[in-house]
Amino acid sequence: MLDRLRPSFSSSARIGSRRLVSTGWFAIRWLALGVCLCSATIDPVAAEPADLEEDYGEFTARPEELASVAINDIVKSLRLNKTAMVLGRSVYDKSCASCHGGDLKGVADQHTPDLSDAEWRFSGDDYQSGGVTKFPSDVEWTVRYGIRSGHPNARGAEVNMLAYDPKFRNEEDTKDFGDKEFLTPAEIDDVVEYVLQISGQRFDRPKAARGKALFNNNAKGNCVDCHGADGSGIDTFGSSNLTKKNLYLYGSDRASIRESLIKGRHGKMPAFEGVLKPEEIKAVSIFVFSHAGTSPRSVPARRGQGGGARR
């Protein structure tokens, strides 16, 4: 369910602004949370945590209380956070586990990201860090609006990984880029070898050298535009970090990378706004955020940082 979050070019040069040359697009992570790439049946009804009912009041908030409190303030409150964690687990089990697994580790066959690591695929909304530091509100954005879900606030809406074989392009990409073959099959193989190289795998050195040039060529591969000069990804786009093969959602072996280049990737996650109650969206976002790996880039909300953050 989740995924854990532009200059002007010529028609050829701006290819990279809408594609992610990797085994995965994004993304959310996640945040997606991303990414999620599954359209499993969603059950919007999450049972209230019966084990908390007798304790409601001074020490435990009622679920509906979460709806009116900014999510980054919920995690500062003992009573609100207590309810959010229990309700969040219930919502996760009903609406997210089918895609991301009961242990939040992702499901390989569904190409969903691991929500328990410290890798965040989309930028956040923290002004001080330029979106690098992540907060519960960043997860809430992904859960609420999804990834390429069709919602105007969805993550990744402006960035897809283009199929280098024109016959696999979707209608939108064909409209933007036509049916031009930007890379020949041999050139695709060269880029694959370079991706294998920067991800620390066995590679063909002469091919990888040619692939590096194509990776950075704005009129050909133009992978650098979305993945950065070092291939580590760009949070703004939610592009994959190609230097870490464990983050490749579609596989990191030679055949899988080649398939991603040929066919492109357009992973999606549904928007849960209108499907889950406001308190359920906040609760499950807090639950997921609390299980993510800790790093300087993901921290609990600071005092004075309210909700309403864009991502």
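The values are calculated or read from the model by the stated rules, or taken from the named source; none is laboratory data. Bear in mind that the values here come from a model prediction, so they are computed numbers and not experimental data. A quick note on method: Cβ atoms are made from the backbone with ideal geometry, for glycine too, and the neighbour counts reach across all protein chains shown. Heavy atoms of the whole protein, side chains included, go into the accessibility calculation; ligands, DNA and RNA do not. Shrake-Rupley method; radii C 1.70, N 1.55, O 1.52, S 1.80 Å.
Odds and ends about this structure:
- Residue in the stretch 253-264 that is among the basic types (Lys, Arg), open to solvent by 20 Å² or more (accessible area, probe 1.4 Å) and modelled with pLDDT under 95 present: no
- Restricting attention to the stretch 145-165, the residues being within 16 Å of residue 239 (Cβ to Cβ), of a type in the set (D, E, K, R) and either in contact with a Phe, Trp or Tyr (Cβ under 6 Å, 6 or more places away or on another chain) or surrounded by fewer than 20 Cβ atoms within 10 Å (Cβ to Cβ) (or both) number 2.
- Contact map, the stretch 276-304: residues that are over 17 Å from residue 76 (Cα atoms) and among the acidic types (Asp, Glu) paired with residues that are modelled with pLDDT under 60 and in a loop (DSSP other than H, G, I, E, B), Cβ distance under 7 Å, separation 6+ or inter-chain. Pairs shown: 280/46.
- Inside the stretch 233-252, residues that are surrounded by fewer than 24 Cβ atoms within 10 Å (Cβ to Cβ), within 21 Å of residue 125 (Cβ to Cβ) and among the hydroxyl-bearing types (Ser, Thr, Tyr) make up a count of 1.
- Of the set (1) assigned to a loop (DSSP other than H, G, I, E, B); (2) surrounded by fewer than 19 Cβ atoms within 10 Å (Cβ to Cβ), all apply to residue 124 but (2).
- Listed by first and then second residue, the pairs with beta-carbon distance under 7 Å, at least 6 apart or on different chains, first residue in the stretch 78-104 and crowded, with 17+ Cβ neighbours inside 10 Å, second among the hydroxyl-bearing types (Ser, Thr, Tyr) and assigned to a loop (DSSP other than H, G, I, E, B), are 99/112; 100/112; 104/116.
- Any hit, the stretch 169-180, residues being closer than 18 Å to residue 121 by Cα and open to solvent by 30 Å² or more (accessible area, probe 1.4 Å): no
- Matching residues, the stretch 55-64, being open to solvent by 30 Å² or more (accessible area, probe 1.4 Å) and farther than 11 Å from residue 283 by Cα: 55, 56, 58, 59, 62
- Output for the stretch 95-124, where each listed residue is within 21 Å of residue 144 (Cβ to Cβ) and aliphatic (A, V, I, L, M): 97, 104, 115
- Subset tally (residues that are touching a helix residue (DSSP H, G or I) at 6+ places or on another chain (Cβ under 7 Å) and closer than 15 Å to residue 144 by Cβ) for the stretch 61-73: 4
- Scoring residue 142 on the criteria (1) assigned to a loop (DSSP other than H, G, I, E, B); (2) open to solvent by less than 10 Å² (accessible area, probe 1.4 Å); (3) under 26 Å from residue 225 (Cβ atoms); (4) in contact with a Leu (Cβ under 7 Å, 6 or more places away or on another chain) leaves a single failure, condition (1).
- The stretch 105-121: number of residues that are out of contact with any His (no Cβ under 9 Å at 6 or more places or on another chain), of a type in the set (A, V, I, L, M, F, W, C) and buried (at least 22 other Cβ atoms within 10 Å of the Cβ): 1
- Pick from the stretch 197-222, criterion at pLDDT 95 or above and buried (at least 24 other Cβ atoms within 10 Å of the Cβ), ranking: nearest to residue 138 (Cα to Cα): 215
- Qualifying residues in the stretch 127-139 (those that are assigned to a loop (DSSP other than H, G, I, E, B) and not β-branched (Val, Ile, Thr)) - the one nearest to residue 281 (Cα to Cα): 135
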